[in-house]
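S.K.: Take this structure first; my questions come after.
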Amino acid sequence: MSKESKEEPKKYPFPLGEIIKYEGDEYSPYNGGFKHLPRITGLSEIFYEWARPFYVPRWRTWSYVMAPKSCYYSKLINYPFRRMGGPQISIVGTYGSGKSNLMNNFLAYYLARNIRVLMFNDRRFEARNLAAHGYYDKNKVFHPFQIDCFIPYGYKFKKANPLWNHRKNVHKIEYGSITEIIESMKPHRLSVVYDECFETAGKIALWIDIMQTLAEETTPSKNYMFSHHELSSLIPEIPTQDIYHLTRKAADVALNLRKDRIGMMTTFHMPSEVYYRVSQKFGYVCFKTPVNRQGMYGPEKDAKRLSIGGVNISKAGRWMMHRFHMYPEMADEYRLIPTRTKLSYPDLNPIEDSDKQTVMDQLLSDPINLDIMRMLAQGLKYRTIADKLGMSHSTIHDRAKKMGLTKVKD
């Protein structure tokens, strides 16, 4: 039996359904508010189910399971940083299922709170989709979300129509050290670190340095939220030799983020694409339309019936189904196209692409592959090897298959 909220959305004396104009820029209209939530523009209507039906074969009858209040969307938005540290939230689903749109919806609420939000922009300046939104303070005064895009000094794009040339609330800031980024972070501001200009190792090293520095900066009144639109591109499940040690270090940093009062919200296609120790870290998992595969979790399997606006918010194996309307986004014409020349970190200097190794040379030069070969030679099973290396069973088998090892899969 589906039970939706009986309480009507609370109305505020703000312009409803009208485009908001502020300093010459246009912002999405304010459509009404919900109790206990910040007042943001472009607000989505949100519906939820407190109870779900299930069949009990033993008694040949239908019963209902009550969804836990901890999975209610309001709990995530009003998450108590002071008492519980930073929330760790992931959004999982197939391509085009609305993961990024849902994340922007949540981030808008966090920006309306006293939270400092940091985003690593993984591809084409996804942060642009929050530029046409803002929030109302307690005095009912409108404030646009301010977006600071941090780019290394002197970096030029191959092709760009930057949004900071069109809107007053989007700012380009050039930097030469992470200190300039951290000192610029303020409440209600989205600080975007454009990382498409870095090599893979440089992205991870930059992220590690920023997260470790932010951990030293947090106080009971100074909380941070990190977001990423595709975490597998930052911390992959199968790291190559040049980023292996950085990936393990990044996993150690990620495991301590909650206690360091740094929240993390990200999206990815499948949990197996993200480094194993990190993908198991998230306390809240929002399941959108999933990728068909074996071994699905309960809320993930249930999400197969959902439309693009549906999501199962899960915690500890229990979940509550929600339906969100789409959060208005910006046009694609404001994407940023990087050059092929990548920068190193922390030097911020261009590096040469000298990939002259064969595929087998690359496989055998990876220390993880060498460990797998050694353990297989000792007669260990894939699951035992996976436990020793802190990786998933399927990853170990895939690596062994690429190296041409003929050990029977167990």
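S.K.: What distance in nm separates the two pseudo spin-label positions at L370 and N161, each 7 Å out from Cα along the beta-carbon direction?
M.R.: Result for the modelled spin labels: 5.0 nm.
S.K.: Can you tell me which of 325-331, 195-201 comes out highest on packing, and rank the rest after it, using the mean Cβ neighbours within 10 Å?
M.R.: 195-201, 325-331
S.K.: If we count every other residue with Cβ under 9 angstrom of T200's Cβ, Lys/Arg +1 and Asp/Glu -1, where does the sum land?
M.R.: Overall, the nearby charge balance is 0.
S.K.: Related question: For the range 163-240, what number of Lys pairs, 8 or more residues apart or on separate chains, have alpha-carbon atoms under 23 Å from each other?
M.R.: Taking the range 163-240 as the scope, the lysine pair count is 5.
S.K.: Also, I was wondering about something else. Gap in Å between the Cα centre of the range 181-219 and the Cα centre of the range 81-136?
M.R.: The distance from the Cα centre of the range 81-136 to that of the range 181-219 comes to 15 Å.
S.K.: Further, regarding this structure: Over what distance in Å are the Cα centres of the range 365-390 and the range 233-302 separated?
M.R.: So the two Cα centres are separated by 21 Å.
S.K.: Can you count the Lys pairs in the range 11-143 with C-alpha separation below 27 Å, eight or more apart or on different chains?
M.R.: Total qualifying Lys-Lys pairs in the range 11-143 comes to 19.
S.K.: Sorted by mean Cβ packing within 10 Å, highest first, what order do the peptides 139-151, 209-221 take?
M.R.: Descending mean neighbour count gives 139-151, 209-221.
S.K.: What is the dipole size for the chain, taken about its Cα centre, with +1 at each Lys and Arg Cβ and -1 at each Asp and Glu Cβ, in debye to the nearest 20?
M.R.: Around 1820 debye, computed over the chain.
S.K.: Express in nm, to one decimal, how much length is gained between Y175 and R83 on full extension, taking 0.36 nm for each residue of separation and deducting their alpha carbon distance.
M.R.: My answer for the length gained is 29.7 nm.
S.K.: For the chain, build the charge dipole from Cβ charges (+1 Lys, Arg; -1 Asp, Glu) around the Cα centre, then report which of T289, Y275, P346 sits farthest towards its positive end.
M.R.: Projecting each Cα onto the dipole axis, the largest value belongs to T289.
S.K.: When only C-alpha pairs under 8 Å and at least 6 residues apart count, what is the relative contact order of the chain, in percent?
M.R.: 21 percent
S.K.: Under a point-charge model restricted to the Cβ atoms of Lys and Arg (+1) and Asp and Glu (-1), what is the dipole moment magnitude of the range 277-354 relative to its Cα centre, in debye to the nearest 20?
M.R.: Computed charge dipole of the range 277-354: roughly 680 debye.
Coordinate-derived values only; no laboratory data. On a predicted model such as this, the values are computed, not experimentally measured, just so you know. Virtual Cβ from ideal backbone geometry, glycine too; neighbours counted across all protein chains shown.
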